[in-house]
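S.K.: Below is one structure. I have some questions about it.
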């Protein structure tokens, strides 16, 4: 399903796992139209059908840009590139190499998910190197006369994360940097998965978003949020700091971080429909977020510090990290999957 959310901006429900209003992509229309987020490879039929219904033929899409390379955002990139052979694929410099050569990322994901990788997310088709271009901080993507998308380097959730600010509508496409707020849940929760989560960088990225005074925030999970966008950015920062305080106290005391977070924040979802709550926990579960805090706290405190939940849970193991060094077309690193373990019976 597609929904026009602003002049020249269409929201596409990419329907990860068949779920509605969980994962979104956005088409910014103009003489040089741009698709923001492709969704997972399993979402490809949905995305292609929606683009066709919107009148885009194979020669019509100018650019494809992903906020970061986790599979629920970028798993369909290679296939979309093949379907739209004139489109340039734009990505953060620390993610580009994995779109060209996704073998390590996909192998990592397969170790985590097994058969469920194909059932829920799919794989990642390589994108030819000459189709990929690194998008730097502050660069503009031309959509048409007087309309651009400006990139905002926004690490914290992932080191290969970009926001995109539309000059015409004022919408800011924020990926996962603000968190996850599903319409059927109505609660904003931070997304803090390993291996890249960094609290200080995440808070700085929210400040960078606020400085641009966006007219609205378009989340990948899910949609344009109601109310004042500056209020939501402040809420996202407060939520991050609240979760971090609980995680740090547990870490310092040698307690299980996931248990501490669950005890502190489980009440937020008590009134939510059980099925919606299960989807929310699948997409952005406490254990994955706890593992992100654990890794961040250990990195900040040094390798000998202990505490928290112990080993990284299966949902975040087997990552596709790579050194930040020169590579063609860019250096990079990622983790190979969304924020929690997929539900064994996708809807």
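The values are calculated or read from the model by the stated rules, or taken from the named source; none is laboratory data. Just so it is clear, the model here is predicted, and its values are computed rather than measured. FYI the Cβ positions are ideal-geometry reconstructions off the backbone, even for glycines, and counts take in every protein chain you see.
S.K.: Specify which of the listed residues (61, 35, 48) is more than 29 Å from residue 197 (Cβ to Cβ), in contact with a helix residue (DSSP H, G or I) (Cβ under 8 Å, 6 or more places away or on another chain), free of Cβ contacts under 8 Å to residues at least 60 places away in the same chain and not in a loop (DSSP other than H, G, I, E, B).
M.R.: The unique qualifying residue is 48.
S.K.: Just give me the residues in segment 1-32 being in contact (Cβ under 8 Å) with a residue 24 or more places away in the chain, part of a loop (DSSP other than H, G, I, E, B) and surrounded by fewer than 24 Cβ atoms within 10 Å (Cβ to Cβ), in sequence order.
M.R.: Within segment 1-32, 1, 7, 8, 15, 19, 21, 29, 30, 31, 32 qualify.
S.K.: May I pose another question? Counting residues that are at pLDDT 95 or above, within 18 Å of residue 201 (Cβ to Cβ) and over 18 Å from the mean Cα position of the chain (by Cα), which helices (runs of 4 or more DSSP H) fully inside segment 232-347 reach at least 1?
M.R.: Those helices (runs of 4 or more DSSP H) span 286-301.
S.K.: Check whether at least one residue in segment 193-205 is closer than 25 Å to residue 9 by Cα and at pLDDT 95 or above, and report yes or no.
M.R.: Yes, that holds for at least one residue.
S.K.: Now, a different point. Can you name the residue in segment 170-204 that is in contact with a strand residue (DSSP E or B) (Cβ under 9 Å, 6 or more places away or on another chain) and not in a loop (DSSP other than H, G, I, E, B) and, of all such residues, is farthest from residue 144 (Cα to Cα)?
M.R.: Step by step, filter segment 170-204, then rank; the result is 189.
S.K.: While we're looking at this one, here's another question. From the list 154, 167, exactly one residue is buried (at least 24 other Cβ atoms within 10 Å of the Cβ), at pLDDT 95 or above and touching a strand residue (DSSP E or B) at 6+ places or on another chain (Cβ under 6 Å). Which is it?
M.R.: 154
S.K.: Please tell me if residue 214 is at pLDDT below 95 and surrounded by 19 or more Cβ atoms within 10 Å (Cβ to Cβ).
M.R.: No; evaluated as a whole, the condition is false for this residue.
S.K.: Yes or no: residue 104 buried (at least 24 other Cβ atoms within 10 Å of the Cβ), outside any loop (DSSP other than H, G, I, E, B) and in contact (Cβ under 8 Å) with a residue 24 or more places away in the chain?
M.R.: no
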